[in-house]
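As structure tokens, the structure follows; a few thoughts come after it.
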Amino acid sequence: MLPAMAAKPRIAIVGPGRMGTALAVELARAGYTIAEVVSREPAASRKKARALAKLVHAPATTVANAQLDAGLIWFCVPDREIASVARTLSASTQWRKKTAFHSSGALPSDELNVLRRRGAAVASVHPMMTFVSGSVPSLAGVPFALEGDRAALRLARQIAHSLRGPAFTIRKRDKAAYHTWGAFTSPLLVAALVTMEKVAHAAGLTAADARNKMLPIVKQTMKNYVRLGPAGAFSGPLVRGDIETVRQHLQVLKKVPGARDVYCALARAALLYLPVGQRQKLRRILN
């Protein structure tokens, strides 16, 4: 059991992009008051802020007129902009007794040092989820990786609990490795999937047909991976040590730009981490 929850702070969202939108919507559903949605000055940014503000019943402002009348200021801007936006807003309010989060998976809480020096408790609070245009995912069950000041981490855990997601702390020096792990879980997985589409095209299927037809095996593979672990979920010619089939694969993949490199890279990973038959022979033909 967690200790009794403190009162929910009012929250200002800085950055009405994909992640900022998902967080604001889920926070509002969890009973938090969104005090403000802050955007940059360009018209497109202000339009996004107005749309999100309407959705969560909050005013929309820009960095030039932000009020920041909230206990928590949550920066949901691109990594390269966190420090500069924090500097811009540092004179907009009294930061003592406030908390500031940013949601970069790669960067430490030190990106908010300008606010830390002004008295704020700061943390990096990153949900392990993908955010893309046209989709606002639920955060229920999504883990949050936390790093930062003790007081800020207490609040971050409270919020993660409110959103029904587990929270775990990560050391500052491990942020880059954590974010690299995240790259494998979604964007590089999509890169593997689109390579599958290209290979299916070599077999005469359209991309849409390939997506539909491979969905059952992809879903079952993920179920097996979760239930049985990687070794239990691993199947196919590499497990059997079927050298001739692998040779055929490599021959076919000469027709698909880049796919042979992807196949060989993943097969070499299998040689390192998974049960493979005829390991030495496979290593030679993959090299």
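So that you can scan it fast, the table gives a plain yes or no per residue for (1) touching an Asp or Glu at 6+ places or on another chain (Cβ under 8 Å); (2) among the polar types (S, T, N, Q); (3) free of Cβ contacts under 8 Å to residues at least 12 places away in the same chain:
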| site | (1), (2), (3) |
| --- | --- |
| SER186 | no, yes, no |
| GLU197 | no, no, no |
| ALA208 | no, no, yes |
| PRO230 | no, no, no |
| HIS249 | no, no, no |
| ASP261 | no, no, yes |
Report whether or not ALA83 is surrounded by fewer than 16 Cβ atoms within 10 Å (Cβ to Cβ) and either without any contact (Cβ under 8 Å) to a residue 12 or more places away in the chain or within 23 Å of the chain's Cα centre (by Cα) (or both).
no
Only one of these conditions is not met by ASN224: (1) touching a helix residue (DSSP H, G or I) at 6+ places or on another chain (Cβ under 6 Å); (2) closer than 22 Å to PRO257 by Cα; (3) among the polar types (S, T, N, Q). Which number is it?
(2)
Residues SER124, SER109: which one is surrounded by 24 or more Cβ atoms within 10 Å (Cβ to Cβ), within 29 Å of PHE184 (Cβ to Cβ) and in contact with a Leu (Cβ under 8 Å, 6 or more places away or on another chain)?
SER124
Checking THR206, THR180, THR169 in turn, the sole residue that is polar (S, T, N, Q) and in the same structural domain as ARG260 (by TED's automatic domain parsing) turns out to be THR206
Cβ pairs under 7 Å, 6+ apart or interchain, first in segment 37-54 and under 20 Å from ASP69 (Cβ atoms) and outside the structural domain of ALA66 (by TED's automatic domain parsing), second loosely packed, with under 13 Cβ neighbours inside 10 Å and modelled with pLDDT under 95, ordered by first then second residue, are none
Within segment 200-221, how many residues turn out to be of a type in the set (A, V, I, L, M, F, W, C) and surrounded by 12 or more Cβ atoms within 10 Å (Cβ to Cβ)?
7
Segment 49-74, residues that are polar (S, T, N, Q) and either more than 26 Å from the chain's Cα centre (by Cα) or closer than 12 Å to ALA12 by Cβ (or both)
THR61, ASN65, GLN67
Only residues that are exposed (fewer than 12 other Cβ atoms within 10 Å of the Cβ) and assigned to a helix (DSSP H, G or I): list them for segment 223-246, please.
LYS223, VAL226, ARG227, LEU228, GLY229, ALA231, GLY232, GLU244
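The values are calculated or read from the model by the stated rules, or taken from the named source; none is laboratory data. Quick caveat: nothing in here was measured; it's all calculated off a predicted structure. When we count neighbours, we look across all protein chains shown, and the Cβ atoms used for this are built from the backbone with ideal geometry, even at glycine.
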